[in-house]
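Notes to accompany the following structure.
The values are calculated or read from the model by the stated rules, or taken from the named source; none is laboratory data. What you see is a predicted model; the values in this text were computed from it and never measured. As a convention, Cβ positions derive from the backbone with ideal geometry for all residues, glycine included, and neighbour counts pool all protein chains shown.
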Amino acid sequence: MSKKKRRNRLSIRIALITVIAALAGLAGILRLSYQMRQLEQTYNRTMEENYEKMEEMHRISRQLQQHQSMLYAYLLEDDPGKCDTLEKNAKELEFEIKAVLTSLREHTRGGEYETYYHDIFSGLVGYFKNVEFILDFSKAGDTATAAYYMKTSLQDYIIGINASVDHMGSLVEADMRTVRDQINVKILQANQEAMLMMVVVGVATLICLVFCSRISDEMVGTDLLTGAANFDRLLKYGEKLQKKGKLKQFTGIAVSIRNFKFINQEYGSSVGDSVLQQYAAKLSAMLVKGEMLARNGGDNFLLLLHTGRVKAFLERIPRMEIDVPGENGSDKMVLASRCGMYQAEEKDAISDVLDACTLALNDARKQKNVDQVWFESSMYGELQQRKDVLEAYRIGLVEREFLVYYQPKVDMRNNHLCGCEALVRWKRNGKIVPPYEFIPILEAEGNITLLDFYVFDTVCRDIRDWLDRGITPVRVSSNFSKLHLKNEDFADKILHIMEKYHLDGTYIEVELTESSGYESFDALKSFVACMKEHGIHTSIDDFGTGYSSLSLLKDLDADMVKLDRSFLFGLESGNVLIEKLITNIVRMIRDLERDVICEGVETKRHVEFLTNAGCPYAQGFLYDRPLPHDDFEKRLLSPVYQID
């Protein structure tokens, strides 16, 4: 099963476990919420009913006591008017007591309290019957009999009623305690269920974290395009081998595909991606347990192989057949590879092994007839030089050790200065470092982009200074590496710097090499269109040295095409084929409404031939070498060349 499929399965498992855990947690929360709501409703309803019973019973006791007091006052009162008022009030209170008794009946019907209700009811019936007797005896003037009934029968009824009320109250209080106890038990059970649910959710979450950790490790350590390990994962694996003392059993191999840039340009990036995926799959199929393949960007791969298997690997890798998808099915393509090898030793760290085989691969790229190169100790000198250059480069940027020189461009028809190219020079420790000693290293390491913008900023600043001082500048061509095309904000950065110095496109030309179109033609085309939209000229450098010169002329709306100096090498010997080639290339460029300039012009013979061929512009030592700022400023003030 492929790593990609395993990763997808892990993703599905994580999703399922996460969904199940979430649903379980939600179900538990909803169930617990429902239980607590039910408990709350049951408790509130029970308490409310019991409090109502208690209130009604106590109310009956209070009103009964109040009614008895009215009767005593009635028997003792001599004023007939007051007696009538007391009798009336007593009658009204009787109705209120009976109304409360009716309500109590509704609250006790069919339950264990009904017996006590009947006792209270019977007692009140007897009580109010005796009240009628007392009132009748009192009205008849027999106060002695009325008082007797008050002390005997009426008091007995009151005691009986109060006793029933007390018993019923005790039962209600006992019921309330029972309800509280039951509620507490249920709350305890609900809490236990909540704790159990938390444990379940916690376990599910832990499982999710474990799976997430696994897939995270795979994703962080995996190249997403090919499914192979990435450099960091290979480095960690090598460190484990090193700690176990097993690294010495392995050989590091750096591999790249020959002419992969041509595949990308010819077939497109989607086909290029397919080629890389198939290539990585075939390399992976050649591995055994304990070995590892990693992609190191682009078409570069690194392997750790058991040393005893290296020979067989190197015999199989020179020709690898893959399928190239097309409109009418797929075609077969045979890929050739370059390899750099280094056999690990006892003292080596994994970084030493990978650096060594990468150096060997770089050496293989320089050789024409050899594709497989073993590391040699002499290559370390190159590695140390690269490290020294990169370290000094960072300091040089901060200390502004990099200087901008300007090499004039000349209109050969009138020997008039018509432009210039900005070139960088590094003044280090009082000496000028030749560009070939640091530019290729910075390009390979990806650090050239900072220097490009450093130069461009300096160019814009100089143009602004010349304009402010009344000196008319010429259009300045500033070089940018193809690496910039990988950044979506490339054009925005250029425009931002121009805006900083309040410049339009009149004096600016952006120059990129022809090879910029190999891997990033769509990005290059979009960039050129953006520059043209803002009135900024663009030029293609080193024209004629790559695979896609004609395609660039046809599809790229660049303003200027610069012929590579290599075209002029055969002119002095009178090579007719070279003359015809240059003449036809210039004619083709002009027919496509592009300007053309030739670099490397060093003799009058060059000028005469190029002028006759229709190439109007030149750049070369015949006119000027690259000039420092002040010398070039003098040339701006004296723009016409005198050629003897």
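Numbers at a glance
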| quantity | calculated |
| --- | --- |
| Selected residue [in a helix (DSSP H, G or I), surrounded by 17 or more Cβ atoms within 10 Å (Cβ to Cβ) and either among the charged types (D, E, K, R) or not assigned by TED's automatic domain parsing to the domain that holds Val510 (or both)] from Asp462, Asp388 | Asp462 |
| Scan of segment 471-505 for residues that are over 28 Å from Leu417 (Cα atoms) and either of a type in the set (S, T, N, Q) or touching a Lys or Arg at 6+ places or on another chain (Cβ under 7 Å) (or both), ordered by number | Asn487 |
| Odd one out for Ser351 among (1) in contact (Cβ under 8 Å) with a residue 60 or more places away in the chain; (2) loosely packed, with under 15 Cβ neighbours inside 10 Å; (3) over 39 Å from the mean Cα position of the chain (by Cα) | (3) |
| Which listed residue, of Lys332, Lys347, is closer than 30 Å to Leu235 by Cβ and outside any helix (DSSP H, G or I) | Lys347 |
| Odd one out for Val271 among (1) surrounded by 14 or more Cβ atoms within 10 Å (Cβ to Cβ); (2) modelled with pLDDT of 90 or more | (2) |
| Lone qualifier among Arg319, Arg386 - being at pLDDT below 90 and over 18 Å from Ile439 (Cα atoms) | Arg319 |
| Asp504, sole failed condition from (1) farther than 23 Å from Asp630 by Cβ; (2) in contact with a Phe, Trp or Tyr (Cβ under 8 Å, 6 or more places away or on another chain) | (2) |
| Residue within segment 369-381 that is part of a helix (DSSP H, G or I), buried (at least 16 other Cβ atoms within 10 Å of the Cβ) and hydroxyl-bearing (Ser, Thr, Tyr) present | no |
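So that you can scan it fast, the table gives a plain yes or no per residue for (1) in the same structural domain as Arg365 (by TED's automatic domain parsing); (2) surrounded by 22 or more Cβ atoms within 10 Å (Cβ to Cβ); (3) in contact (Cβ under 8 Å) with a residue 60 or more places away in the chain; (4) among the aliphatic types (A, V, I, L, M):
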{"residue": "Asp299", "(1), (2), (3), (4)": "yes, yes, no, no"}
{"residue": "Leu302", "(1), (2), (3), (4)": "yes, yes, yes, yes"}
{"residue": "Pro318", "(1), (2), (3), (4)": "yes, no, no, no"}
{"residue": "Lys332", "(1), (2), (3), (4)": "yes, no, no, no"}
{"residue": "Ala336", "(1), (2), (3), (4)": "yes, no, yes, yes"}
{"residue": "Gly340", "(1), (2), (3), (4)": "yes, yes, yes, no"}
